[in-house]
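Since the structure comes first, as structure tokens, the remarks are kept for the end.
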Amino acid sequence: MRYHVSERDAGDLDILIEPSAQTAIAVISALSSNPLISTAGLTVEKLTQPQRIQIPAKIYYYADILKPAYDFDFDLHWAQAHDAMIGQIPVKVASVKTLLALLAYSNEPKHANDLSLLMSISG
């Protein structure tokens, strides 16, 4: 959200992953190498199911791992993602279209506000 709407405060980092065993293994390996992130209870099985998992990163920050529903075309959304940098690390940032698709069925009040912000810039 913050990439597209600079006035939106970022309270956490949302990581969208492809729900495959290969991706799950890579994500667990990468997160396990960071001492600030607990991967206790994080399994390949959990990462290949289409539900949200919240992983506390230290005390002050959170990272949400989002896995799309089975009807979500991950390759299409990956192709639409923006290339960006976090520090010196190249990352992909979800497009506005992808964020709209991911938030469309949420009942959380903060997501209603996010949808409104995204709609205002999607033209």
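Please pick out the residue among Leu66, Leu42 that is at pLDDT 75 or above, closer than 17 Å to Asp14 by Cα and under 12 Å from the mean Cα position of the chain (by Cα).
Leu66
If I ask for residues that are open to solvent by 60 Å² or more (accessible area, probe 1.4 Å) and either within 16 Å of His77 (Cα to Cα) or assigned to a loop (DSSP other than H, G, I, E, B) (or both), which ones from segment 103-121 would you list?
Scanning segment 103-121 gives Tyr105, Asn107, Glu108.
Considering only residues of segment 90-102 that are without any contact (Cβ under 8 Å) to a residue 24 or more places away in the chain and touching a helix residue (DSSP H, G or I) at 6+ places or on another chain (Cβ under 8 Å), which is most open to solvent (accessible area, probe 1.4 Å)? First the steps, then the outcome.
Step one: list which residues in segment 90-102 are without any contact (Cβ under 8 Å) to a residue 24 or more places away in the chain, which gives 90-92, 95, 100.
Then drop every residue that is not touching a helix residue (DSSP H, G or I) at 6+ places or on another chain (Cβ under 8 Å), which leaves 92, 95, 100.
On the way: Lys92: 79, Ser95: 11, Leu100: 37 Å².
Of everything passing the filter in segment 90-102, Lys92 is most open to solvent (accessible area, probe 1.4 Å).
Check segment 17-32 and report whether any residue there is on the phi < 0 side of the Ramachandran plot, touching a strand residue (DSSP E or B) at 6+ places or on another chain (Cβ under 9 Å) and open to solvent by 70 Å² or more (accessible area, probe 1.4 Å).
No: segment 17-32 contains no residue that is on the phi < 0 side of the Ramachandran plot, touching a strand residue (DSSP E or B) at 6+ places or on another chain (Cβ under 9 Å) and open to solvent by 70 Å² or more (accessible area, probe 1.4 Å).
Return the pairs, sorted by first residue and then second, in which the second residue is open to solvent by less than 40 Å² (accessible area, probe 1.4 Å), the first residue lies in segment 13-34 and is of a type in the set (Ser, Thr, Tyr), the beta carbons are less than 7 Å apart, and the residues are 6+ apart or on different chains.
Final answer for the pair search is Ser20/Thr48; Thr23/Ile17; Ser32/Thr39.
Of all the residues that make up segment 60-89, how many are small (Gly, Ala, Ser) and surrounded by fewer than 13 Cβ atoms within 10 Å (Cβ to Cβ)?
4
The values are calculated or read from the model by the stated rules, or taken from the named source; none is laboratory data. Remember, predicted model here, so these are calculated numbers, not experimental data. In this analysis, Cβ positions are derived from the backbone assuming ideal geometry, glycine residues included, and neighbour counts consider all displayed protein chains. Heavy atoms of the whole protein, side chains included, go into the accessibility calculation; ligands, DNA and RNA do not. Shrake-Rupley method; radii C 1.70, N 1.55, O 1.52, S 1.80 Å.
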